[in-house]
Amino acid sequence: MKKLFLILFSLSTAVAGAQSRQTQDFDTGWKFHLGNDSLAKSVVYNDAQWRSLNVPHDWSIEGKFDEKNPTLQGEGGLPAGIGWYRKTFTIPATSKNKAISIVFDGVQHNSEVWINGHYLGKRPNGYISFEYELSPYLKYGGKNVLAVKADNSDQPNSRWYTGSGIYRNVWLVTSAQTHIAPWGVFISTPKVSVAQAQVSVQTRVDNVQAMKNIEAKTVIYDAAGKKVAETHGPVDGPDNEGGANQSLTVTKPQLWSVNKPYLYTVTVTLVDGKGKVIDEVSNKAGIRWFDFDADKGFSLNGEPMKIQGVCLHHDAGALGAAVYKRAIERQLQIMKDMGVNAIRTSHNPPAPELLDLCDKMGLLVMDEAFDMWKKKKNKNDYYKEWDQWHTRDLQDQVVRDRNHPSVFIWSIGNEIREQFDSTGISITRELVNTVKKLDSTRPVTSALSEWNPEKNFIYKSGALDLVGLNYHQEVYADLKKHYPGQKIIGTEQVSALMSRGHYDMPSDSVRMWPPDAKTKIKGNPDYTVSAYDNVAAYWGSTHETTWKLVKKYDYFSGMFIWTGFDYLGEPTPYPWPARSSYFGIVDLAGFPKDVYYMYQSEWTAKPVLHLLPHWNWKAGQTVDVMAYYSQADEVELFLNGRSLGIQKKHGDDLHVKWKVKFEPGVLKAVSRKGGQTVLTTQVVTAGAPYQIKLSADRSAIKAGGKDLSYVTISILDKDGNVVPDANNLVNFKVTGAGVLRGMDNGYQADLEPFTSSSRNAFNGLALGIVGSAVKGGSISISATAAGLKSANLTIQSR
Ligand code: GAL
């Protein structure tokens, strides 16, 4: 078996080598030094003492929480600073006449790059992808040194956690001197109907003048690999501006939608006069159309569809900003299972993997560019780079992302300060124009926090295609009056607050935490917030209140909830030691809070019955019991076998509730439709912590160092019930073909470093994130805690 694997492996490398273009994963074999050393750019520098690692890498997440760190609480209180990376590599002598370039999907931030001591350039924006040509400076058949400096020391520079370092993937691209430009194929579908789709493919070619009689051959394959359209034509144009504009027709196209995200492959091949292949690039593409209507809201392929979106920051909890495709996929899966159909990449260009996954999984994307323009929100933020970099950054984002069928809105900014003065007019026009020149197929919006059209200069520019409103639910009923004839979407709503598994009564008295801009709240001594959906920041509103409104008005195309997941930083409403947000529908570890099931009951077709809270209270205490349900007419509640009555949702209700005098035992809910039981669920009074249970989201993962298995650690009583307030300290050990990548528990004020191998459970649960090693094999996982029966688990890495 092993042998066969090796043979296949070498075969595939050989084939790749013979191809016209080679895109190599350049993530392994880096050296890293935390701290500044300006000599490190030089080839002769001795990095033997530096740490060896693979990227993507985020050094901040490895650090200790400290309120004195210059990132401050808003960025999560983790260290930042300066870091250096070096990679020594060889380039074969046979590559001498090739064009070789390096692509960084993103470096956080202020990156500077040198090849063999030669300075390639600087890129301040930590979220943008960029590339440099290396060929003129390479030693062919010899050793080369790439040096990267990442400078995140200019703190504070963000309103949330950014991470530090080469936190996204790196690629080495080798192609012929004449080649398709980076992100050089633009696929769009100007005309789509059920009968046929016109697919436009515009290819830009670098170094055209070096060759004569080049042709671009373009083929569209369906998902089964069958050719469905092809064309060919000359590549022409002056100097480096050359290219081909082609149009193809796909008859009876399979449409891309959120329920059926059908993807075609578009392959562009450059061929020389003798028919020899010079370069080839393949892209996934989707055929769909959509519309925003001022009265009826959004529709996809002619079907009305409310945007049920969430805002997501880019961190992956305990993994920080370091990109693991599996971590992104897991977040998106959890969101999709809740019924989410759209993601807002707040407030920056995402990792390319997120867009690939959204294409594949069927999630629409509002792709956002900026959190500030020329006016700052933080002392050292991007406003400093605005003049020099914003046009280039925005152009690069659009060019990189415009092929993704998932991307349906460009956002040029979030709650931009220029809303409030006339400079907003000219900048908005300029930015919209920059986008439109590169892609006129999608509407451009900006997330506005000033709802009043008279006072909002970004709106007054007249350049937005779509009015994007943040919060201000109080005006939704009157929006048609304020914005006659305009298309409207909720770009950011809710900002409700919750800690998983914590409940403050009464459940139906809503607390605004904080109540206004000046008042400090007292809150709970343990920095928790109730999970009854009864707490929100003063600019926001609870989940239920907001969704009821959004649902009501057809002209309101939908919403993007702040936020799908908790994220690092911005721990409103608490001071230190709170260090991560309370806004998520799902906690930082990926465990859903109760309101997740409210959305699931509204947004999916599967029957839902979710009962809250837990059932460990003081004898005689009156407890607010709630149930979210769907696909049923009623829910009956039983305590230790006695009925406590049947409840039904009336009007726009989103849950049912009971007040119950606590007695220990079993609280059970039964949902029924037409008298038939649909679902039953129960919560049981748990005894003392007795044992640990481990369960992995995936028991087989891929070897190679990039895959992950998320292992849930539950603290159970003797009978196997989760103990809802257990906080036992768990030691977690990973041996064999895997490594521990991080631990979490979803508690927003836990200052244990994420890389630590022990962690307290929070409300009965903790999480261990296990990564594959390069080599496959068995991974043994064990969890122990003082006084508890330990647990073991084995998963496979192949
Ligand atoms: C919004 C802002 C978000 C986040 C949120 C917290 O105003 O756009 O980035 O700060 O508030 O409620």
(request) Could you give me the residue pairs with C-beta distances under 6 Å whose first residue belongs to the stretch 419-441 and is within 19 Å of Leu469 (Cα to Cα), whose second residue is open to solvent by less than 40 Å² (accessible area, probe 1.4 Å) and part of a helix (DSSP H, G or I) wherever it lies, and which are 6+ apart or on separate chains? (result) Gln419/Ile458; Gly424/Glu418; Gly424/Ile458; Ile427/Glu418; Thr428/Ile458
(request) Please specify each residue of the stretch 482-509 satisfying the condition of being more than 16 Å from the ligand (Cβ to nearest atom) and in contact with a helix residue (DSSP H, G or I) (Cβ under 9 Å, 6 or more places away or on another chain). (result) His482, Tyr483, Gln486, Ile488
(request) Could you pull out the residue among Ser52, Ser38 that is hydroxyl-bearing (Ser, Thr, Tyr), open to solvent by less than 100 Å² (accessible area, probe 1.4 Å) and modelled with pLDDT under 95? (result) Ser38
(message) Can you pull out every residue in the stretch 668-691 that is among the small types (Gly, Ala, Ser), within 15 Å of Asp719 (Cβ to Cβ) and in contact with a His (Cβ under 9 Å, 6 or more places away or on another chain)?
(response) Ala686
(message) Quick check on the stretch 390-418: of everything there that is among the hydrophobic types (A, V, I, L, M, F, W, C) and either within 24 Å of Ser299 (Cβ to Cβ) or crowded, with 20+ Cβ neighbours inside 10 Å (or both), which residue is nearest to the ligand (Cβ to nearest atom)?
(response) Ile416
(request) Please work out if Tyr167 is closer than 26 Å to Trp59 by Cα and either in a strand (DSSP E or B) or within 16 Å of the ligand (Cβ to nearest atom) (or both). (result) no
(message) Any residue at all in the stretch 569-581 that's within 20 Å of Met505 (Cα to Cα), within 16 Å of the ligand (Cβ to nearest atom) and either open to solvent by less than 10 Å² (accessible area, probe 1.4 Å) or not hydrophobic (A, V, I, L, M, F, W, C) (or both)?
(response) yes
(request) Please specify each residue of the stretch 110-127 satisfying the condition of being closer than 22 Å to Leu355 by Cβ and in contact with a Pro (Cβ under 6 Å, 6 or more places away or on another chain). (result) Tyr127
(message) Please go through the stretch 461-481 and give me each residue that is within 16 Å of the ligand (Cβ to nearest atom), in a loop (DSSP other than H, G, I, E, B) and buried (at least 19 other Cβ atoms within 10 Å of the Cβ), ordered by number.
(response) Tyr471
(request) Return the only residue of Ser95, Ser111, Ser52, Ser101 being small (Gly, Ala, Ser), more than 26 Å from Trp389 (Cα to Cα) and within 30 Å of the chain's Cα centre (by Cα). (result) Ser52
(message) Name the residue that is surrounded by the most Cβ atoms within 10 Å (Cβ to Cβ), counting only residues in the stretch 358-373 that are within 16 Å of the ligand (Cβ to nearest atom) and in a loop (DSSP other than H, G, I, E, B).
(response) Ala369
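What residue, among those in the stretch 434-451 that are within 16 Å of the ligand (Cβ to nearest atom) and not hydrophobic (A, V, I, L, M, F, W, C), is surrounded by the most Cβ atoms within 10 Å (Cβ to Cβ)?
Ser446
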(message) Just to be sure before I move on: is Ile128 open to solvent by less than 50 Å² (accessible area, probe 1.4 Å), out of contact with any Lys or Arg (no Cβ under 9 Å at 6 or more places or on another chain) and at negative phi in the structure I sent?
(response) no
(request) Those residues that are of a type in the set (D, E, K, R) and within 13 Å of the ligand (Cβ to nearest atom), I need them from the stretch 553-568; list them, please. (result) Asp566
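Yes/no per residue for (1) at pLDDT below 95; (2) in contact with a helix residue (DSSP H, G or I) (Cβ under 9 Å, 6 or more places away or on another chain); (3) under 30 Å from Asp154 (Cα atoms); (4) open to solvent by 10 Å² or more (accessible area, probe 1.4 Å):
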site	(1), (2), (3), (4)
Asn301	no, no, no, yes
Gly309	no, no, no, no
His313	no, no, yes, yes
Ala318	no, yes, yes, no
Lys375	no, yes, yes, yes
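Would you tally the residues in the stretch 298-320 being touching a Lys or Arg at 6+ places or on another chain (Cβ under 8 Å) and within 27 Å of Ile416 (Cα to Cα)? Let's see the steps before the verdict.
Initial filter on the stretch 298-320 (touching a Lys or Arg at 6+ places or on another chain (Cβ under 8 Å)): 298, 300-301, 304, 306, 309-312, 318-319.
Subset that is within 27 Å of Ile416 (Cα to Cα): 298, 306, 309-312.
So the count comes out to 6.
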(message) Can you tell me which condition Lys379 does not meet? The list is (1) away from the ligand (no atom under 16 Å from the Cβ); (2) charged (D, E, K, R); (3) open to solvent by less than 10 Å² (accessible area, probe 1.4 Å), and all the others hold.
(response) (3)
(message) Between Tyr532, Tyr538, Tyr527, which is part of a loop (DSSP other than H, G, I, E, B), within 13 Å of the ligand (Cβ to nearest atom) and under 28 Å from the mean Cα position of the chain (by Cα)?
(response) Tyr538
(message) Anything in the stretch 549-568 that is of a type in the set (Phe, Trp, Tyr), farther than 13 Å from Leu312 by Cα and either modelled with pLDDT under 95 or open to solvent by less than 30 Å² (accessible area, probe 1.4 Å) (or both)? List them, or say none.
(response) Tyr555, Phe556
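The values are calculated or read from the model by the stated rules, or taken from the named source; none is laboratory data. On a predicted model such as this, the values are computed, not experimentally measured, just so you know. Every residue, glycine among them, receives a Cβ derived from its backbone with ideal geometry; neighbour counts consider all protein chains shown. We work out accessible area using only protein heavy atoms, side chains counted, and drop any ligands, DNA or RNA first. Shrake-Rupley method; radii C 1.70, N 1.55, O 1.52, S 1.80 Å.
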